[in-house]
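In what follows, a single structure is set out as structure tokens and then discussed.
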Amino acid sequence: MTTPSPHEPVYADRVYRSPMAVVTGVLLLAMIAWLCGDAVVRGSADGRWIGLAAAVCLVPLTVAYTIRPAVFANEDRLRVRNPFRTIVLPWGSVDAVRAGYSAEVLAEGSTYQLWSVPVSLRERKKANRGGLRAAATGKGAGAADGAAAVPRASADKAVDELTELAERGAARPGARGPVTVKWAYEIIAPAVLGALALVVLLAVG
């Protein structure tokens, strides 16, 4: 097996993100800004503080579950950004990438969910039906590459691509090392503080 040249080109990360989640997040943030902003501007003294506390709590949670999740993959490693933590997995530490009811990566005896690669059973069934129809009419058999002619759900396509990257990059010198996990305190801290402030304000109000 040849060792990759140190002068080989470096390509940008592949990014996997749910466009629908991002759109939903933007709409929810706009609604929070409208409702909480109205409470702060027009509400009573207590209402203003409650609106502010609600915004401090809800904004980071909305960002965490909709806009923040993403998966970044390059030749050496996989970086999984979930709602409350970021996991960096060198390909050499990855045992498998799979998509059952959710997309997951297995490494060092642990399982990490890929929040930004949602699995749609409906889309998968539709793709399977399309593959069966193609096979029945001979379209799949007539293609140069039979596997490429079979329709795949978006989550399964993403898992196939990540599996290929894992297999290709596992032996690279830059793909070695342990799995690292970093908690997103910039999300957790304001959400907790906002929730505590909201509880206190509602209790004494």
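Mind listing whichever residues of segment 63-83 are farther than 13 Å from Arg14 by Cα and of a type in the set (Val, Ile, Thr)?
Initially, segment 63-83 is screened for residues farther than 13 Å from Arg14 by Cα, giving 63-69, 81-83.
Listed by number, the residues that qualify are Val63, Thr66, Ile67.
Go through segment 36-59 and give me each residue that's under 23 Å from Ala189 (Cβ atoms) and open to solvent by 70 Å² or more (accessible area, probe 1.4 Å). Give the steps one after another, and end with the answer.
We begin by selecting, within segment 36-59, every residue under 23 Å from Ala189 (Cβ atoms); these are 36-37, 39-40, 48-59.
Scanning segment 36-59 gives Arg48, Trp49, Leu52, Leu58.
Before we move on, is Tyr101 among the aromatic types (Phe, Trp, Tyr), open to solvent by less than 70 Å² (accessible area, probe 1.4 Å) and not in a helix (DSSP H, G or I)?
Numbers: among the aromatic types (Phe, Trp, Tyr): yes; open to solvent by less than 70 Å² (accessible area, probe 1.4 Å): no; not in a helix (DSSP H, G or I): yes.
Taking the combined requirement at face value, the residue does not satisfy it.
Would you confirm whether any residue within segment 84-92 is closer than 21 Å to Tyr185 by Cα, of a type in the set (Phe, Trp, Tyr) and assigned to a loop (DSSP other than H, G, I, E, B)? Break it down stepwise before answering.
Taking segment 84-92 first, the residues closer than 21 Å to Tyr185 by Cα are 84-89.
Now restrict to residues that are of a type in the set (Phe, Trp, Tyr): 84.
Applying the additional criterion that residues be assigned to a loop (DSSP other than H, G, I, E, B) yields 84.
Scanning segment 84-92, I find at least one residue that is closer than 21 Å to Tyr185 by Cα, of a type in the set (Phe, Trp, Tyr) and assigned to a loop (DSSP other than H, G, I, E, B), so the answer is yes.
I'm trying to understand the selection: among the residues of segment 16-28, which are open to solvent by less than 100 Å² (accessible area, probe 1.4 Å) and closer than 23 Å to Phe72 by Cβ? Even if it seems obvious, please write down each step before you answer.
Our first condition is that a residue be open to solvent by less than 100 Å² (accessible area, probe 1.4 Å); within segment 16-28, this holds for 16-19, 21-26, 28.
Tyr16, Arg17, Ser18, Pro19, Ala21, Val22, Val23, Thr24, Gly25, Val26 - these are the residues of segment 16-28 that are open to solvent by less than 100 Å² (accessible area, probe 1.4 Å) and closer than 23 Å to Phe72 by Cβ.
Taking the condition of being open to solvent by 70 Å² or more (accessible area, probe 1.4 Å), at pLDDT 95 or above, under 30 Å from Cys36 (Cα atoms) and not hydrophobic (A, V, I, L, M, F, W, C), how many residues in segment 168-205 meet it?
2
Go through segment 137-167 and give me each residue that's small (Gly, Ala, Ser) and at pLDDT 65 or above.
Of segment 137-167, the ones small (Gly, Ala, Ser) are 138, 140-144, 146-149, 153-155, 158, 166.
Across segment 137-167, the qualifying residues are Ala153, Ser154, Ala155, Ala158, Ala166.
The values are calculated or read from the model by the stated rules, or taken from the named source; none is laboratory data. On a predicted model such as this, the values are computed, not experimentally measured, just so you know. For neighbour counting, all protein chains shown are included, and Cβ atoms are generated from backbone atoms with ideal geometry for every residue, glycine included. Surface areas here come from the heavy atoms of the whole protein model, side chains and all, with no ligands, DNA or RNA. Shrake-Rupley method; radii C 1.70, N 1.55, O 1.52, S 1.80 Å.
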